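Okay, so here's the structure we're looking at.
The values are calculated or read from the model by the stated rules, or taken from the named source; none is laboratory data. Keep in mind that what you see is a predicted model, and the values were worked out from it rather than measured. Here Cβ is always computed from backbone atoms with ideal geometry, including for glycine, and neighbour counts include all displayed protein chains.
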Amino acid sequence: MHAQKHFDTIGSLALFGSILCWSMTPPFLKYLTPYVDGWTTNGVRYPFAALLWLGPLLYQYRRGAVPPWVWKAALLPTFVNVGAQGLWALLPYYIDATWMGFLARISMPFAILGGFLCFPDERALMRRPSFWTGVLMSAVGFAAMSLGGEALPGGRTLVGVVMVLVCGAFYGLYGVAVRHSMRGTRAWIAFPVISLYTSAVLFVLMFLCGQPERLFDLTLPCFGIMLLSAVLGIACAHTFFYISLEHLGVAISSGTQLLGPFFTFLWAFLFLGENLTLIQWVGGLALLLGGGLLLRAQTRLPLGAADPRKVPIEPKIPD
């Protein structure tokens, strides 16, 4: 008899939880913009989330499950992650939360293009028409969303578009750096180590570039929202995503994340009053469709190209 397929309740709930948590992050960050700067937001959120991972990391360390080489190998992914996270927290000061949710998906083409340069087993993608179609649709969608709004030439929005493009490149290369440097390390070890390093750098940058004294002026609800965004957008979202990977696999877990921008739009519309023009909606849909084609092309690589047993699968969604 063939084993009957069944609905994986735990994996499905974890996947929905990761999408929901990540989709809330841009509206949270946008809400905080009048009260505190992005450098200070980074300097509080990431260390707080890293502390939540510290207990499990210490447990793994005491069990001898943390190889000594991991601490040195994590330096390159940390460098890329600091660039990505630094820009991500600054974006709400230049563009709306809904834009952030959609435009962040430009990281997928950068991730795959970076894979071409570093991993020969991924270059088979260049022979697939769906890959080039996905790249083209992602570029067209990004342009339509960027040019279909208001106050672009020379304004803060134009700066935001450039920043989100660079941020997407950093996030795309982050996954490449993790695969290159942390090969053979499980995600629940690799991410806590990288998050500790990232937190240390962002904490220092808060004092060098930010205005941490403004934290004393925050009301208790605002400070609570900042910490809540760290719990949901970093600690919980990553954990849920890894559980869904274990139960549902990479293709379903990563592909379904493309629904996230629609939830982001819902939160931003309900709580911030944001909206998109018709051209931006078309561009956003084209961007997500392009990401879906890229994912489809990637999941048809030979089985050994991205073995999750050998490579930690890092989320492609910013936090």
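Selection over region 20-54 of residues that are closer than 22 Å to Leu103 by Cβ and among the aromatic types (Phe, Trp, Tyr) gives a count of 5. Tallying residues that are part of a helix (DSSP H, G or I) and either closer than 14 Å to Pro68 by Cα or touching an Asp or Glu at 6+ places or on another chain (Cβ under 6 Å) (or both) within region 179-193 yields 4. Being surrounded by fewer than 22 Cβ atoms within 10 Å (Cβ to Cβ) and more than 21 Å from the chain's Cα centre (by Cα) is a condition met by at least one residue of region 25-35. Residue selection: Gly43 fails the criterion of being small (Gly, Ala, Ser), crowded, with 23+ Cβ neighbours inside 10 Å and over 23 Å from Cys236 (Cα atoms).
A Cβ distance below 7 Å, combined with a sequence gap of six or more or placement on separate chains, defines the contacts here; from region 284-300, residues that are buried (at least 22 other Cβ atoms within 10 Å of the Cβ) and of a type in the set (S, T, N, Q) reach residues that are assigned to a helix (DSSP H, G or I) and at pLDDT below 75 in the pairs Gln298/Ile112; Gln298/Leu125.
Taking region 255-304 as the range and being among the polar types (S, T, N, Q), within 24 Å of Leu15 (Cα to Cα) and at pLDDT 80 or above as the test, only Thr264 passes. In the set (1) at pLDDT below 90; (2) more than 19 Å from Leu259 (Cβ to Cβ); (3) out of contact with any Lys or Arg (no Cβ under 6 Å at 6 or more places or on another chain), Val82 fails one condition alone, (1). Test Val201 against the stated conditions and say whether it is β-branched (Val, Ile, Thr) and at pLDDT 95 or above. So Val201 fits the description; yes.
I'd like the full set of residues that are surrounded by fewer than 21 Cβ atoms within 10 Å (Cβ to Cβ) and touching a Leu at 6+ places or on another chain (Cβ under 8 Å), limited to region 190-218.
Hits for region 190-218 are Leu196, Tyr197.
Give all pairs with beta carbons closer than 7 Å in which a residue from region 92-109 that is under 14 Å from Thr25 (Cβ atoms) and free of Cβ contacts under 8 Å to residues at least 12 places away in the same chain meets a residue that is among the basic types (Lys, Arg) and surrounded by 24 or more Cβ atoms within 10 Å (Cβ to Cβ); count only pairs at least 6 apart in sequence or on separate chains. Short answer, once both residue conditions are applied: none. The single residue among Arg105, Arg63 that is buried (at least 22 other Cβ atoms within 10 Å of the Cβ) and among the charged types (D, E, K, R) turns out to be Arg105. Pairing each residue of region 15-32 that is closer than 20 Å to Leu91 by Cβ with any residue that is basic (Lys, Arg) and buried (at least 23 other Cβ atoms within 10 Å of the Cβ), provided the two are 6+ apart or on different chains, yields C-beta distances under 9 Å for Leu29/Arg45.
Restricting to region 142-161, and then to whatever is modelled with pLDDT of 60 or more and touching a Ser or Thr at 6+ places or on another chain (Cβ under 6 Å), can you tell me which residue is nearest to Ser107 (Cα to Cα)?
Ranking the qualifying residues of region 142-161, first place goes to Val161.
Filtering region 54-104 to residues that are under 24 Å from Trp188 (Cα atoms), within 19 Å of the chain's Cα centre (by Cα) and not hydrophobic (A, V, I, L, M, F, W, C) leaves Pro77, Thr78, Asn81, Gly83, Gln85, Gly86.
Would a scan of region 19-34 turn up a residue that is β-branched (Val, Ile, Thr), at pLDDT 90 or above and closer than 23 Å to Cys236 by Cβ? Yes, because at least one residue in region 19-34 is β-branched (Val, Ile, Thr), at pLDDT 90 or above and closer than 23 Å to Cys236 by Cβ.
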